[in-house]
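To keep things clear, I will list the structure first and then write my remarks on it.
The values are calculated or read from the model by the stated rules, or taken from the named source; none is laboratory data. Keep in mind that this is a model prediction, so the values were computed, not measured. Quick reminder, even Gly has a Cβ in these numbers, built from the backbone with ideal geometry, and neighbours come from all protein chains shown. Heads up: the accessible areas ignore ligands, DNA and RNA and are worked out on the full protein's heavy atoms, side chains in. Shrake-Rupley method; radii C 1.70, N 1.55, O 1.52, S 1.80 Å.
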Amino acid sequence: MAAPQIIWFRQDLRLRDQAALLAAAAAGPVLPLFVLDESRIVRAAGGASRWWLHHSLAALDASLRALGGGLLLLRGPAAELIPKLVADTGADAVHAIRLSEPWWPLIEREIPRLQLHEGNSLVPAGLLRTKAGDRFRVFTPFWRAMQGWGPPPRPLPAPARLTFAPLPAGDRLVDWSLLPRAPDWSGGFSGWQPGEAGAQRRLADFLDKAGDYGERRNYPGEEATSRLSPHLHFGEISPADAWHAVEPQKGSAPWLRQLAWRDFALETLEQYPKSASRPHRPEFAHMPWTDVSSGEGRALLRAWQRGRTGYPLVDAGMRQLWASGWMHNRVRMVAASFLVKHLMIDWREGERWFWDTLLDADLANNAMGWQWVTGSGVDSAPYYRIFSPEGQAEKFDAQAYIRHWVPEFGRSDYPAPLVEHRLARERALAAHAALKG
DNA sequence: TGACGCTTTAC
DNA sequence: TAAAGCGTC
């Protein structure tokens with residue numbers, strides 16, 4: 001029998017538009033593999049993401065079983081397990097889709113016969129260049145260059161049949177304990193369907209509405225967004241696939257532009273890997289952030305996390321996040337701005353909370369979003385941009401959204417505001433001004 | 001309310 | 001190659 005071709009699934013848990021899978025299948029019998037790597041160099045998935053991962057892996061395994069095979073599950077350092085698997089099986093190659101998180105190259109250099117394929121972005125990161133030949137650091141010129149480059153490749157069909165190599169013994173998914181037990185807080189996740197079929201269903205639901213996205217996307221009470229973010233993070237649908245489905249819709253340009261932000265976040269992360277863990281602009285290292293290790297600062301952070309700041313739009317968003325694993329993007333900006341500007345808490349505290357609670361938690365997007373709000377990023381909002389939570393609620397008709405997530409708003413048991421908006425605003429502006437002085 | 005990346009223009 | 005202007009965040 002021909003030597004096995006390992007297809008190493010990572011954040012590309014799909015059969016459609018899966019270049020690594022197709023390359024493997026063209027070369028020989030495939031050995032589908034997923035490794036749960038929680039070693040020190042990797043940023044392990046947060047709580048909500050682990051729930052998603054469990055169901056997504058179950059769905060992928062079921063799809064592979066339907067084709068007569070299955071998914072090999074291994075837990076441990078990929079840099080050790082995969083070389084051993086290659087040796088044990090005599091595999092001819094390890095196929096994977098290239099990713100942008102900074103730990104992957106460290107792992108990949110240990111893996112023999114690795115073949116990387118594109119497919120996690122619309123345009124391969126690093127390909128587009130300025131006229132001077134540099135990589136882009138600002139979104140708008142990057143977006144213009146993307147448009148000049150043309151559409152991404154047409155999605156490749158899922159293989160109709162596959163020849164599988166014998167599957168070595170591996171782990172059972174249930175033994176990974178990715179799902180919450182006592183207490184099971186995943187009840188609010190029931191609106192989601194992890195896996196490739198769920199991703200395609202979301203996409204189909206969105207197509208009718210894609211033309212209204214530009215006008216309605218900022219209204220948190222409306223179902224105007226695609227909600228594809230967790231599916232895109234886990235690669236259950238490729239960005240190119242989503243692009244080609246949405247692009248023919250009239251008025252789809254604003255959504256395509258937002259999809260391009262995902263590419264831009266990957267481009268930024270590859271250029272500045274440390275921007276995921278520290279402010280890009282060095283002066284922000286000297287910001288007098290609130291001490292959250294104990295006392296009042298800790299209580300402020302906790303109030304923000306649990307949606308008890310006394311600002312109803314912030315609280316509605318934080319409760320939506322806690323309950324459902326997702327928050328409307330407009331509200332993400334307001335809630336994040338509140339943490340950083342009003343409470344003057346280091347954005348990394350917020351980033352860590354989002355990482356743990358978001359089903360779509362993604363290193364590149366999360367870090368870029370937080371740095372953008374803070375004003376500390378490569379390409380970010382001006383420091384004096386301080387959202388007024390009440391002004392934003394008014395502007396984007398958030399009353400129904402607030403009533404839904406904060407039913408006690410207006411009653412006596414709703415908390416008083418943690419800080420007064422005008423005072424907080426003045427304090428944040430003064431702190432930023434002092435940074436420059 | 002400023003800062004700055006990128007392109008264009010001028011040399 | 002440097003400076004200026006544009007446009008975005």
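Quick rundown of the values:
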| quantity | calculated |
| --- | --- |
| For chain A, convex hull volume per residue from C-alpha positions, Å³ | 152 Å³ |
| Exceeding the 28 Å Cα-Cα cut-off - candidates A:Lys250/A:Lys274; A:Lys341/A:Lys436; A:Lys131/A:Lys436 | A:Lys250/A:Lys274; A:Lys131/A:Lys436 |
| Per-selection metrics, the stretch A:166-302 (Cα): Rg and Dmax in Å | 20.2, 58 |
| Coil-residue trypsin sites (Lys or Arg not before Pro) of the stretch A:69-150, DSSP, other Cβ within 10 Å capped at 13 | A:Arg109, A:Arg129, A:Lys131 |
| Radius, Kirkwood style, for the stretch A:5-120 when every pair of distinct Cα atoms is counted (Å) | 14.4 Å |
| Gap separating the Cα centres of the stretch A:2-73 and the stretch A:306-326, nearest whole Å | 34 Å |
| Value of relative contact order over the stretch A:282-436, rounded to a whole percent, pairs C-alpha under 8 Å and six or more apart | 30 percent |
| Area of A:Asp61 that stays accessible when all protein chains are in place (1.4 Å probe, Å², to 10) | 30 Å² |
| The stretch A:112-142 versus the stretch A:250-288: alpha-carbon centroid distance in Å | 14 Å |
| Chain A - mean residue ellipticity at 222 nm from DSSP helices (-39,500 (n - 2.57) per run, n ≥ 4, rounded to 500) | -13000 deg cm²/dmol |
| Coarse-grained scattering of the stretch A:91-233 at q = 0.16, 0.19 Å⁻¹, given as base-10 log I(q)/I(0) from a Debye sum over alpha-carbon atoms | -1.38, -1.44 |
| Computed Rg/Rh of the stretch A:282-436, alpha carbon atoms with Kirkwood Rh | 0.94 |
| Cα radius of gyration and Dmax for the stretch A:144-211 (Å) | 19.3, 52 |
| Mean separation of Cα contacts under 8 Å (6+ apart) over length of chain A, as relative contact order % | 18 percent |
| Rounded Å value of the spacing that divides the Cα centres of the stretch A:150-201 and the stretch A:343-405 | 29 Å |
